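The structure appears below as structure tokens.
The values are calculated or read from the model by the stated rules, or taken from the named source; none is laboratory data. Here the structure is a predicted model, which is why all the values come from computation and not from measurement. Ideal geometry is used to build each Cβ from the backbone, glycine not excepted, and the neighbour counts take in all protein chains shown.
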Amino acid sequence: MKTKDIKFLEVRYLRGPNIWTYRPVIEAVVDIGALEDCPSNVLPGFVDRLKAFLPTLIEHRCSYGERGGFLRRLEEGTWPAHIMEHVSLELQNLAGMPGGFGKARQTHLTGVYKVVIRAWHEEVTRACLEAGRELVMAAIEDRPFDVPATVERLRDMAERKLLGPSTGCIVEAATSKERRIPAIRLLADGNLVQLGYGVRSRRIWTAETDRTSAIAETISRDKDLTKNLLQSCGVPIPEGRIVDSAEDAWAAAEDIGLPVVVKPTDGNHGRGVFTNLMTREEVESAYAAALEEGSGVIVERFIRGSEHRLLIVGGRMIAAARGETAAVVGDGKSTINELIDLQINSDPRRGAAEEFPLDVVVLSENPVALHEVTRQGFTPDSIPPAGREVLIIRTGNHTCDITDSVHPSVAETASLAARIVGLDIAGVDLVCEDISRPLEEQRGAIVEVNAGPGLLMHIKPATGEARPVGRAIIDHLFPNGDNGRVPVIGITGSCGKTTVARLVARLLTLSGKHTGLACSDGLYLDRRRSESGDRATWEAAHRILMNRAIEAAVFENGTDEILGKGLAYDRCQIGIVTNVDVARHTGRFYVETPENVFTVLRTQVDLVLPGGAAVLNAREPMLVEMASLCDGEVIYFAADPDLPAIAAHREQGKRAVIVRYGHVMLASGQGEQSLARLADIPLTGGGNDKAQIENVLAAVAAAWALDVSLDVMRTGIETFFAD
């Protein structure tokens, strides 16, 4: 007897484009058992309990396309698999992964559904799906469910697993509809990302790129060396020197003139930087604290004004933010620590995670802030008088966008500083009283040049306009509209995929492109087989796309791979569907009908880029029907030149590869050109092997679409042997 339960039968991660969407998803096959007879409107109190658990479900539009649409479906009656889809998506949203694709579709088995949700990260999305199932069951069974604790757990997991905000904004800009640059995450839980494929790819790690040299980064970490280089090129810097003891620090302060700044020679992110020091006690105390944050200590002139961070990308200033102080005001009853929690850490912009633009302030962990409190005569446990303002943080807190206020000469000076250090992307810190005036008018100076600057302050400023810094970095890495792509050719169908893939790869190699091939015969780099065995897999294709020597990539894609893992590439230049034998594809992955097979095979056609081409067998009505789904050109192939689909296609001036008078012909509109005699093509068995003739035609059509020369195509097909 079936129980009222939701059971996971299978859960698979489709890590690339699939039958559902272009994006990675988790596909769960679930059995709802006796709940098949219990839509939401017949479960007493269920809808109210679910809405109480997740009030934000009101934002789900569902099939009605309007706010509250999903709740309307609940009231009218919908099934637990569909409900679990929406609940899982909302848990993802609450965990910091907004939006996303979702579907719930019944299989041919009663009570068995496929639930599909957008996967930002496999582990995180699986956890959201499992939590979604538990929440739905709790609502059905009228038992408690701790939503806040669940969301906190999922959010913590997302913060640890997903791309950080800096890397994320660059990847988002790359993969936007405007640029369509593919992205591959090279570390499952890290921020190392490849943008583009093969030889045209670039790499980023947060806001560092493969153009960020190790020498430049090393220079930027050495504050004294950076200052010397900047000073030698006429960039204004604060006077100062490295010191080797607390006594030497005070001597330097006396030479420079008070007030001074004491900071590590190789620190970053403002750690260990003590400013506006006026006494020997302050200087010597700051020396000891700064030494703990770096390998040495520098003392330099204190510059009056606010601290500013200018983001330089490719020699241009892209964004600028001003730092603000943080202070508390005494109420006569709360300690400094308590006031910090009440008045500073309560700011929603502050948090421990990377997504927050400001850090939580904890005096016991922040010697600079503790120093500020101490110098004002307080301890963390002191209770300041009512109305007394106590400064907590003097520098940092870059949350105010001031990009439009920066004087052109200041922007040029910051850009020069980045070039002197050698950084393609730099965060240049400068201090001045008025950023709209030249630095020399106000004794302003550049105090640091940082590699790998954080971008969050520019993406989500507290005040002012958010700046498209991710787009600027992408424009720097991929100028003039470059999309970072090499030709990718994907082949699917029922038969002949391996032969077509090998022949296409051969033609591309002969044309001079270093070509990678992943097929059932192995993984090939040009004509060398580097891995034997079946390599028509997501993993093998992924390795080829990461190979920075590859100039073209050819992939065989079986339907089981499409259904079980998705495709390794986001889009392709050429998509080939060889033929269709429905019986070969049914009985697995809940594929049971010709319509199901159509849905699987069309995936290859859906991925063709607008400037690419789908190569389709005109002998197959199902494939002719797919032609309208292609964003690019369609090139038909068929041994029979008189097929209605070929005739109609050519009447529209479009291309086809056919056989006439024993010759392979390239047909464009009403014109035809002979490429080679079938009798001269070994693969066709003297023109008698119909299946191999179609394979040759498909490969020739792909090469034609890729502008491979006729001589190369002819030589390739006349010298290719199936073994």
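Worth a mention:
- Unique match (being touching a Leu at 6+ places or on another chain (Cβ under 8 Å), crowded, with 16+ Cβ neighbours inside 10 Å and aliphatic (A, V, I, L, M)) among ILE318, ILE393: ILE318
- Some residue of the range 377-398 being within 39 Å of the chain's Cα centre (by Cα) and free of Cβ contacts under 8 Å to residues at least 24 places away in the same chain: no
- Of the residues making up the range 142-150, not a single one is of a type in the set (Phe, Trp, Tyr) and at pLDDT below 95.
- Qualifying position, being without any contact (Cβ under 8 Å) to a residue 12 or more places away in the chain, more than 18 Å from ALA703 (Cα to Cα) and hydroxyl-bearing (Ser, Thr, Tyr), among THR599, THR586, THR603: THR586
- Qualifying positions in the range 482-534 - more than 24 Å from THR715 (Cα to Cα) and part of a strand (DSSP E or B): THR492, SER530, GLU531, SER532
- Selection of the range 95-115 for residues being farther than 19 Å from THR3 by Cα, assigned to a strand (DSSP E or B) and of a type in the set (A, V, I, L, M) yields ALA104, VAL115.
- Candidates SER334, SER285, SER295, filtered to the one that is part of a loop (DSSP other than H, G, I, E, B), among the small types (Gly, Ala, Ser) and not assigned by TED's automatic domain parsing to the domain that holds THR374: SER295
- Qualifying residues in the range 124-151 (those that are of a type in the set (Val, Ile, Thr) and over 21 Å from LEU74 (Cα atoms)) - the one surrounded by the most Cβ atoms within 10 Å (Cβ to Cβ): THR125
- Any hit, the range 535-550, residues being part of a loop (DSSP other than H, G, I, E, B) and among the acidic types (Asp, Glu): no
- Where a residue in the range 3-29 is farther than 26 Å from LEU186 by Cα and its partner, wherever it lies, is outside any loop (DSSP other than H, G, I, E, B) and among the polar types (S, T, N, Q), with Cβ under 7 Å and at least six apart: none
- Residue list for the range 1-21, filter: modelled with pLDDT under 95 and more than 18 Å from ARG133 (Cα to Cα): MET1
- Across the range 348-366, the number of residues qualifying as of a type outside the set (Lys, Arg) and either at pLDDT 75 or above or in a helix (DSSP H, G or I) (or both) comes to 10.
- Within the range 246-295, the set of residues being within 36 Å of the chain's Cα centre (by Cα) and aromatic (Phe, Trp, Tyr) is empty.
- Any hit, the range 485-495, residues being surrounded by fewer than 19 Cβ atoms within 10 Å (Cβ to Cβ) and either at pLDDT below 95 or closer than 30 Å to THR586 by Cβ (or both): yes
- The requirement of being farther than 23 Å from LEU623 by Cα, assigned by TED's automatic domain parsing to the domain that holds GLU694, of a type outside the set (Lys, Arg) and at pLDDT 95 or above is fulfilled nowhere in the range 555-574; no residue meets it.
- Options THR279, THR206, THR218; residue that is within 27 Å of GLU412 (Cβ to Cβ), surrounded by fewer than 21 Cβ atoms within 10 Å (Cβ to Cβ) and among the polar types (S, T, N, Q): THR218
- Qualifying residue in the range 563-575 (condition: touching a Gly at 6+ places or on another chain (Cβ under 6 Å), outside any helix (DSSP H, G or I) and on the phi > 0 side of the Ramachandran plot): yes
- Condition met for ALA369 (modelled with pLDDT of 80 or more, outside the structural domain of ARG280 (by TED's automatic domain parsing) and crowded, with 18+ Cβ neighbours inside 10 Å): yes
- When the range 116-144 is filtered for residues that are within 21 Å of VAL42 (Cβ to Cβ) and not in a helix (DSSP H, G or I), the ones remaining, listed by number, are ASP142, ARG143.
- Any hit, the range 509-517, residues being assigned by TED's automatic domain parsing to the domain that holds TYR569, of a type in the set (D, E, K, R) and over 21 Å from GLY566 (Cβ atoms): yes
- For THR226, the criteria (1) hydroxyl-bearing (Ser, Thr, Tyr); (2) outside any helix (DSSP H, G or I); (3) over 21 Å from ARG394 (Cα atoms) hold in every case but one, which is (2).
To keep it simple, each residue is scored yes or no on (1) surrounded by fewer than 20 Cβ atoms within 10 Å (Cβ to Cβ); (2) under 26 Å from ARG714 (Cα atoms); (3) free of Cβ contacts under 8 Å to residues at least 60 places away in the same chain.
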| position | (1), (2), (3) |
| --- | --- |
| VAL608 | no, yes, yes |
| GLU625 | yes, no, yes |
| PHE637 | no, yes, no |
| ASP640 | yes, yes, yes |
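- Any hit, the range 584-598, residues being aromatic (Phe, Trp, Tyr), in a helix (DSSP H, G or I) and more than 23 Å from LEU508 (Cβ to Cβ): yes
- Any hit, the range 451-465, residues being outside the structural domain of THR226 (by TED's automatic domain parsing), part of a strand (DSSP E or B) and of a type in the set (Val, Ile, Thr): yes
- When the residues of the range 457-473 are filtered to those that are farther than 15 Å from ALA174 by Cα and among the aliphatic types (A, V, I, L, M), the one that is farthest from the chain's Cα centre (by Cα) is ALA462.
- Every test in (1) of a type in the set (Gly, Ala, Ser); (2) under 24 Å from ARG67 (Cα atoms); (3) modelled with pLDDT under 95; (4) crowded, with 18+ Cβ neighbours inside 10 Å is passed by GLY99 save one, and that test is (4).
- Criterion applied to GLY512, GLY481, GLY522 was being at pLDDT below 95, of a type in the set (Gly, Ala, Ser) and surrounded by fewer than 24 Cβ atoms within 10 Å (Cβ to Cβ), and the one residue passing it is GLY481.
- The set of residues in the range 431-478 being crowded, with 16+ Cβ neighbours inside 10 Å, at pLDDT 95 or above and among the charged types (D, E, K, R) consists of ARG467, ARG471, ASP475.
- Residue within the range 323-340 that is of a type in the set (Gly, Ala, Ser), farther than 21 Å from THR463 by Cβ, loosely packed, with under 15 Cβ neighbours inside 10 Å and modelled with pLDDT of 85 or more present: yes
- Taken together, the residues in the range 168-221 that are assigned to a helix (DSSP H, G or I) and under 22 Å from LEU456 (Cα atoms) amount to 10.
- Listed by position, the strands (runs of 3 or more DSSP E) enclosed by the range 638-723 that each have at least 3 residues that are under 40 Å from the mean Cα position of the chain (by Cα) are 655-660.
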